[in-house]
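Below is one structure, written out as structure tokens, with a few remarks after it.
What follows draws every value from the coordinates through simple rules; no lab data is involved. Because the structure is predicted, anything quoted here is derived from the model rather than measured. Neighbour counts are summed over all protein chains in view; Cβ atoms, including those assigned to glycine, are modelled from backbone coordinates with ideal geometry.
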Amino acid sequence: MQIFLDTANLEHIRHGVDLGVISGVTTNPSLVSKEGKVDYKALVKEICAIVPGPVSTEVLSQESAGMIAEAREITTWAENIAVKIPSTLEGLEATSVLARENVRVNVTLCFSLNQAMLAAAAGAAFVSPFVGRLDDIGEEGMQLVVDIVDYLRYYDLPTRVIAASIRHTSHCLSASKAGAHIATVPYKVLLQMIEHPLTDAGVRRFADDWNKVMGDSGILP
Ligand code: E4P
């Protein structure tokens with residue numbers, strides 16, 4: 001499973017890329033707003049220059065014609081752009097048009113298998129089931145990831161599943177077990193994924209044991 005970062009924060013994206021584990025980025029209007037009043041195009045272009053993979057950039061229009069026009073503009077900003085289109089009726093029409101133009105569409109705000117089936121039929125490159133927001137309303141968000149992955153596999157469809165709205169590290173585990181192609185994770189969750197108290201205790205114990213016998217002599221002269 002690939003890991004994407006779910007953020008528009010340049011510092012966090014740079015750190016994730018430097019760690020060598022980030023294959024893409026997803027943004028949305030709320031995440032961009034967190035960065036203050038920015039030049040959207042300049043910010044997206046900078047993210048695209050840093051990230052070695054798709055950068056999902058969301059449209060703001062709610063009508064298909066506006067979505068299509070925005071998507072055509074956004075795709076000129078960088079080669080690794082994927083355009084995020086919501087799972088609405090208007091979004092479905094826009095996805096079909098854009099997919100025929102070879103635009104990589106990430107169908108977002110997906111909350112049902114029916115929506116995912118239509119996204120795949122329209123030619124979406126990615127579909128993003130929002131796990132955490134389904135959990136928030138008392139549903140089993142990860143079950144939707146399981147169902148979409150099964151459906152796409154059964155019919156051998158090329159749409160890739162991005163497990164989105166990830167809230168904690170066990171969501172990452174469950175997404176990988178479900179066969180999601182990608183999990184897009186907040187920076188905080190990325191940092192939590194590497195943490196384990198036994199690793200920290202182990203590092204400390206190795207250093208203490210070495211120092212007791214070898215003093216401060218290291219490996220390098
Ligand atoms: C995905 O592409 C979205 O940007 C994101 O995962 C939404 O997560 P949230 O429910 O935490 O806002």
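One table, with the values for the structure above:
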{"item": "In order through region 145-152: 3J(HN,Hα) via Karplus (6.51 cos²θ - 1.76 cosθ + 1.60), integer Hz, x for Gly, Pro", "result": "4, 4, 5, 5, 4, 4, 4, 5"}
{"item": "Dipole-positive endmost among Val103, Gly24, Gly123 within region 23-129 (Cβ charges, Cα centre)", "result": "Gly24"}
{"item": "Exposure proxy order (Cβ contacts within 10 Å, fewest to most) of Thr95, Thr76", "result": "Thr76, Thr95"}
{"item": "P(r) of region 5-82 over all Cα-Cα pairs, binned every 10 Å from zero, in whole percent", "result": "19, 53, 24, 4"}
{"item": "Folded to 0 to 90 degrees: helix 169-178 orientation relative to the chain principal axis, Cα", "result": "60"}
{"item": "For Gly24, residues with placed amide H under 5 Å, excluding near neighbours", "result": "Leu5"}
{"item": "Dipole magnitude of region 1-152, debye to nearest 20 (Cβ charges: Lys/Arg +1, Asp/Glu -1, about Cα centre)", "result": "400"}
{"item": "Reachable lysines, given that their alpha-carbon falls under 28 Å from the alpha-carbon of Lys177 and they are not under 8 places away in the same chain", "result": "Lys84, Lys188"}
{"item": "Using θ = phi - 60° and Karplus 6.51 cos²θ - 1.76 cosθ + 1.60, couplings along region 117-134 (whole Hz; Gly, Pro as x)", "result": "4, 5, 4, 5, 5, 7, x, 4, 6, 9, 10, 10, x, 9, 5, x, 5, 6"}
{"item": "Ranked list, fewest to most other Cβ atoms within 10 Å of each Cβ, for Thr27, Thr88", "result": "Thr88, Thr27"}
{"item": "Size descriptor, Kirkwood hydrodynamic radius, that averages inverse alpha-carbon separations across region 51-161, Å", "result": "14.0"}
{"item": "For Cys110, distant residues with modelled amide H under 5 Å away", "result": "Ser128, Phe130"}
{"item": "Residue order, fewest to most surrounding Cβ atoms within 10 angstrom, among Thr184, Thr57", "result": "Thr184, Thr57"}
{"item": "Sequence-distant residues sharing a close amide H with Ala82 (under 5 Å, placed H)", "result": "Val55, Ser56, Thr57"}
{"item": "Summed side-chain charge close to Val203 - residues other than Val203 whose Cβ falls under 14 Å, Lys, Arg +1, Asp, Glu -1", "result": "-2"}
{"item": "Karplus-derived 3J(HN,Hα), 6.51/-1.76/1.60, for each residue of region 58-68, Hz, glycine and proline x", "result": "8, 7, 10, 5, 10, 9, 4, 4, x, 4, 5"}
{"item": "5 Å-binned pair-distance histogram of region 57-107 (Cα, whole percent)", "result": "5, 26, 41, 21, 6, 1"}
{"item": "Debye intensity ratio I(q)/I(0), log10, region 75-221, q values 0.13, 0.14, 0.21 Å⁻¹ (C-alpha model)", "result": "-0.63, -0.69, -1.25"}
{"item": "Selected from Val107, Val161, Val38 as most flexible by GNM, with the chain as the system and alpha-carbon contacts under 10 Å", "result": "Val38"}
